[in-house]
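The values are calculated or read from the model by the stated rules, or taken from the named source; none is laboratory data. Worth saying up front: this structure is predicted, and the values here are computed from it rather than measured. For neighbour counting, all protein chains shown are included, and Cβ atoms are generated from backbone atoms with ideal geometry for every residue, glycine included. Please note that ligands, DNA and RNA were not included when accessible areas were found on the heavy atoms of the full protein model with its side chains. Shrake-Rupley method; radii C 1.70, N 1.55, O 1.52, S 1.80 Å.
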Amino acid sequence: MEGRLTIKLKKSVKKIRDNIFLFFVVLTLIGSEINAQQNVVSDENRNEGISATYDELLVSSTGSLINNGEMFVYNDLSNEGEISFETQSSVFNFKGQAPQKVAGTGNSLFSNVLFDNASEKAPFLIEKNITINGNADFSDGIIAYSTNGLIIFDESATALNVSGESFVVDKVRKKGNQEFVFPIGDNRATSYVYRKLKMEAPSSTSSVVDAQYLWENPGGTYNTSLKEDRIEIIDNQEYWVVDDFNGSTLPDLTFYWNAATTPSSILTSDFLDRLTVARWDGEKWIQEEIVSIDSVSSSIKIKPSGDGVFTFALLKTVLPDYFPTLFTSKTQVVGAKGRIDFVVFVGEANGENSNGVNPVEVRISDSDRFQFSFDQALTTLNGQTIDNLDWTYVLERGLHKFRYTGNGGIFPGNSISKIGIKAIFISPENSTGEVPLKVTMKADSGGQQFTGNDNDQDIIRYTSTTDSKDGKD
């Protein structure tokens, strides 16, 4: 058994240890309390390492904060002075557990920024302009503005990890001539949607473009009944506003449809064949030039004719319509044989490109009375320039078939293409008469449905008083 003196000494040591521990606990609490107060920068202050601010950070009108390391702000930031950086790798972290706002009248320039706050759906409020030079990492939390707020992405700035959980509910500005995906969206009450817009690289380094998405009916301001005749329906649930401030032509823009916001009146069963983007030109909605449609990414890229208000639209159901016109060099043959070289004009009447599925095809029935010869390298015939290089030829199942393969197989709307065919007519022996030379469009050429103008013909009149074997061309 331990002696009383030994036990007493152990109790004394334990008491001393407990008092020391309590002292450090109190000291820690005091330190935390000091750190939790408002941090004020009233002169030049440089952060070269890691600085954690557990409450409000205020840069006064005489203050200058230069962040060359990694800084954390867990509550509000108010800047009446100057915030900047000298090191491109510096990071300013907005990482709170309660709503945060950025306010003040000073200049705020950040290299890299992290937005990470899960305290509520839209925890960030921007009440002033801030400029980002590097990366903006949208980790968590949606950003909203007050009247004077705006996020500006400088020439080389990018937006990372943007999602339905973190984007900007308002306009975003992009400077410079780099490709950019605007991290924009909108909300209706507590429902938030991310509706990005991609901009190809502008041609000018001085480009300044603002983009905003609005989840509302554009018809409240821009009358959706005023539209080009070709347009049948205007999206009445959403629109984008894209403004170019340097007066140059906007680069190609890519819009993304989404069943959560894009109405079913647009996303019909055949919408991929009729979808376009319409722009309000100040008087009416006009169709923009389509560059491509990608069903995999649910996107449509356009070449805008100007800036302003854009939304989805459906075109009226207009299908291509093809017609052939036959020009024969000679329709009167005397003797056993005669050369009747001809050119077929193939035209499209409705201003619609072929659908890329059903090839545009001209057919001529095979006959003992005609000999046809097609030379794809031929460029002129009967004094006319022809387009044989855009056509292929095959004799198949009693039909001479001429198929359009130019322009990637897409026959452009409101255009013509000429096929030059060398031909010899062989007259029946010792007889006189008439034989039709007929050309016909394949019924489903290019996706057309109207076939009332699919045929043309010339009448070959002949007179033969000798054996066909003795005749000359």
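Among the residues of the stretch 315-350, those identified as open to solvent by less than 30 Å² (accessible area, probe 1.4 Å), closer than 19 Å to T451 by Cβ and assigned to a loop (DSSP other than H, G, I, E, B) are P320, D321. As a summary of the residue check, Q287 satisfies the conditions (1) loosely packed, with under 14 Cβ neighbours inside 10 Å; (2) within 21 Å of S225 (Cβ to Cβ) except for the one numbered (1). Out of (1) among the polar types (S, T, N, Q); (2) open to solvent by 50 Å² or more (accessible area, probe 1.4 Å); (3) more than 27 Å from G447 (Cα to Cα), the odd one out for S269 is which? Unmet for S269, out of (1) among the polar types (S, T, N, Q); (2) open to solvent by 50 Å² or more (accessible area, probe 1.4 Å); (3) more than 27 Å from G447 (Cα to Cα): (3).
Within the stretch 116-232, which strands (runs of 3 or more DSSP E) (wholly inside it) include 1 or more residues that are open to solvent by less than 10 Å² (accessible area, probe 1.4 Å)?
Values: elements: 124-126, 129-132, 135-140, 143-145, 150-153, 158-160, 172-175, 180-182, 185-188, 191-194, 197-199, 208-214.
The qualifying strands (runs of 3 or more DSSP E) are 124-126, 129-132, 135-140, 143-145, 150-153, 172-175, 180-182, 185-188, 197-199, 208-214.
Only one of the listed residues (N45, N93) is outside any loop (DSSP other than H, G, I, E, B), open to solvent by 40 Å² or more (accessible area, probe 1.4 Å) and of a type in the set (S, T, N, Q). That residue is N45. Just one of the listed residues (A211, A159) is within 18 Å of S248 (Cβ to Cβ) and under 20 Å from the mean Cα position of the chain (by Cα), and it is A211. Only one of the numbered conditions (1) polar (S, T, N, Q); (2) touching a Phe, Trp or Tyr at 6+ places or on another chain (Cβ under 7 Å); (3) free of Cβ contacts under 8 Å to residues at least 40 places away in the same chain is violated by T328, and that is (3).
Taking the stated definitions as given, is F312 within 13 Å of the chain's Cα centre (by Cα), of a type outside the set (A, V, I, L, M) and over 30 Å from Y462 (Cβ atoms)? Show your work before the answer.
Numbers: within 13 Å of the chain's Cα centre (by Cα): yes; of a type outside the set (A, V, I, L, M): yes; over 30 Å from Y462 (Cβ atoms): yes.
Taking the combined requirement at face value, the residue satisfies it.
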